[in-house]
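S.K.: Would you mind keeping the following structure in view while I ask a few things?
The values are calculated or read from the model by the stated rules, or taken from the named source; none is laboratory data. The structure displayed is predicted, hence computed values, not measured ones. So basically every Cβ, Gly included, is an ideal-geometry build from the backbone, and we count neighbours across all protein chains shown. Heads up: the accessible areas ignore ligands, DNA and RNA and are worked out on the full protein's heavy atoms, side chains in. Shrake-Rupley method; radii C 1.70, N 1.55, O 1.52, S 1.80 Å.
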Amino acid sequence: MTLLAASLLVAPAVGATAAGTDAAAGATPSASQPAAISADDTATDMVDSRPDPDEDVQGWENGYWHNETLSNVTPDDGYTDAEIDKVVARSMARIEVVRGVEFEVTPPVRVISREEYVSNVRERRQGVNVSTAARLHQNAKFEALLMVDEETDYFDAQQQLQSSTIGGFYVLSNASGSDSVEEGEIVLISEDAENPRLSEITLAQELFHSYQDKNLRIDRYNRTTEEDSRRIDAIIEGDGNYVDYLYEQRCGNEWTCFQPSSQSESDDGGTGQRPNLGLFVYSFVQYSEGPAWVHDLHRENGWDAVDEAYANPPRSTEQFIHPEKYLQDPPTDVTVADRSNDEWYVPQLEGGVNYAVFGEAGLYSMLWFASPAVPREDILTRRELDPYDYAHEATTGWDGDKLYPYVTDESAETGEMGYVWKSVWDTSTDAREFADAYRAILASAGEPVAGHANTWRLPADHPFDDAFYVAVEGSTVTIVNAPTVAELSEVRSGAAPQVATPTPPAADAETATDGADETETATATATATDGAAPGFGLVVTVAALVAVGVMLRRRRR
């Protein structure tokens, strides 16, 4: 099943996963009610009813003009089907004005409670059989990002994120055959179960997704990796959220807009559990950096340039985090030779690739979540269009990455896995900056292993109780992970080479290895920030993130 969704907090319902079950092609966060929108939830007169045109024109749909008063719409007691039809028609007319398009098809729209939605998510997940190999693959990927530990199942964390953050969605496809949704329909989620209510801004975003589906061929893309999902969603969700932004700017000035006067501002969407902040931030890049990139395209060359970007989406998340690199700096297809022993192997997937690519967005999200080298407040911009900034010196200069998970025959039972993760950078300086920020994670929670070059061990009571080897060779960084120091060289021959003396503290000291990997030996020093790194201690940015989510609670759903 593929959903184009809109979210209740700052992040979407966490984007599509290459091997996931319910791949969310996108999601949009929700915002608090700006003063521009009528506070009493009832539209006031804008202009008198105008005669219908002789033929369909932009700014008019199904009997309603974009600035026409909707009579007899009383959302306080919930919306009737007739009232929803009126709001849908006027919202479509408004999108036509904002985006310069013409709707040919009106999608079905319904409103459900959050309780019903959460139940549907559980039902859809139970109806999908995830293979052991796929589960190990996904768990290893997000363990590598230091977001999901060995005691947590990625699919459980993803389900919680979807349940707590989505505010509405458009069903692009229903390959799973779920009875709870229909292909081509829009479902809006209300926090009020007794009198379901809708947000017009959320509705507008899902209506535009419907237009994209019918007119801009958004089903054409191949989403094989996490990086693919986010770079493709840069245009789909970037355009959708930019249109949403422009739509909302007219609310209160030119238009009155329907919006629940009070929404749950809980950071768990009413489920009682807080979503995983690492997944949360990683899923949001296309909803923050995407609209800003689309804004630049529109400002420079109009909507035609935006339409053309559907045929030429960014080749990487780097290309919209840094708009000047769009179509100018193609990523490197990184190769990783298998140097494992017979016990360790890469799980093979049916219908999917057996590796992962995270891109600049993934590497930044990991460092933000776990590294003391990236201050927690670094991500916040205080801007409405792009509230999060994913550019940081530790990940700027990314040129490509690839990760292979490694498992044994016992991994499904024990949860013990490993991985080899290679990244390439524009310069050797870029590579060292990333490696230093990554090593700061290990230094803040663990210790270097005496007698082994570039090797760290996290303690037994740590959620990521593993051994790590971090090697820098020119502009390439290689990270090897295994349950124990001894197993590092089993996952990748040459990792964690023995040296005569403990790893020295000098950041640029060179140590000879066995020749398998030329490495820069270094001991990282944790950088002091305003608090412990998320995922490795107290989460100090939750309030700030939720504040941004409250600010956006209506525009991005």
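S.K.: From the set of residues in region 136-151 that are at pLDDT below 95 and more than 19 Å from the chain's Cα centre (by Cα), which is most open to solvent (accessible area, probe 1.4 Å)?
M.R.: GLU151
Conditions (1) open to solvent by 10 Å² or more (accessible area, probe 1.4 Å); (2) not acidic (Asp, Glu), marked per residue:
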residue: GLU318; (1), (2): no, no
residue: TYR364; (1), (2): no, yes
residue: THR395; (1), (2): no, yes
residue: TRP398; (1), (2): no, yes
residue: ALA412; (1), (2): yes, yes
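S.K.: Six or more apart or on different chains, Cβ atoms under 7 Å: show the pairs whose first residue is in region 70-90 and closer than 20 Å to ILE201 by Cβ and whose second is open to solvent by 10 Å² or more (accessible area, probe 1.4 Å) and aromatic (Phe, Trp, Tyr).
M.R.: Partner pairs satisfying both residue conditions: LYS86/TYR64; ALA89/TYR64; ARG90/TYR64.
S.K.: Go through region 457-471 and give me each residue that's among the small types (Gly, Ala, Ser) and at pLDDT 95 or above. Before you say what the answer is, go through the steps one by one.
M.R.: Quick first cut of region 457-471, residues among the small types (Gly, Ala, Ser) only: 460, 467, 471.
Correct list: ALA467, ALA471.
Listed here are the residues, each with its yes/no results for (1) open to solvent by 10 Å² or more (accessible area, probe 1.4 Å); (2) aromatic (Phe, Trp, Tyr); (3) in contact (Cβ under 8 Å) with a residue 12 or more places away in the chain.
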{"residue": "ALA431", "(1), (2), (3)": "no, no, yes"}
{"residue": "TYR438", "(1), (2), (3)": "no, yes, yes"}
{"residue": "ALA445", "(1), (2), (3)": "yes, no, yes"}
{"residue": "TYR469", "(1), (2), (3)": "no, yes, yes"}
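S.K.: Sticking with this structure for a sec: Anything in region 200-222 that is among the polar types (S, T, N, Q), out of contact with any strand residue (DSSP E or B) (no Cβ under 7 Å at 6 or more places or on another chain) and open to solvent by less than 30 Å² (accessible area, probe 1.4 Å)? List them, or say none.
M.R.: Quick first cut of region 200-222, residues among the polar types (S, T, N, Q) only: 202, 205, 210, 212, 215, 222.
Still in the list and also out of contact with any strand residue (DSSP E or B) (no Cβ under 7 Å at 6 or more places or on another chain): 212, 215, 222.
Across region 200-222, the qualifying residue is only GLN212.
Results for (1) crowded, with 24+ Cβ neighbours inside 10 Å; (2) within 30 Å of TYR64 (Cα to Cα); (3) among the acidic types (Asp, Glu); (4) touching a residue at least 60 places away in the same chain (Cβ under 8 Å), shown as yes or no for each residue.
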| position | (1), (2), (3), (4) |
| --- | --- |
| GLU104 | no, yes, yes, yes |
| ILE112 | no, yes, no, yes |
| GLU115 | no, no, yes, yes |
| SER119 | no, no, no, no |
| ARG122 | no, no, no, no |
| ALA134 | no, no, no, yes |
| ASP153 | no, no, yes, no |
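S.K.: Write out, first by first residue and then by second, each pair whose Cβ atoms fall under 9 Å of each other, whose residues are 6+ apart or on separate chains, and whose first residue, in region 290-318, is assigned to a helix (DSSP H, G or I) while the second is open to solvent by 20 Å² or more (accessible area, probe 1.4 Å) and among the small types (Gly, Ala, Ser).
M.R.: Qualifying pairs under 9 Å: GLY302/GLY100; TRP303/GLY100.
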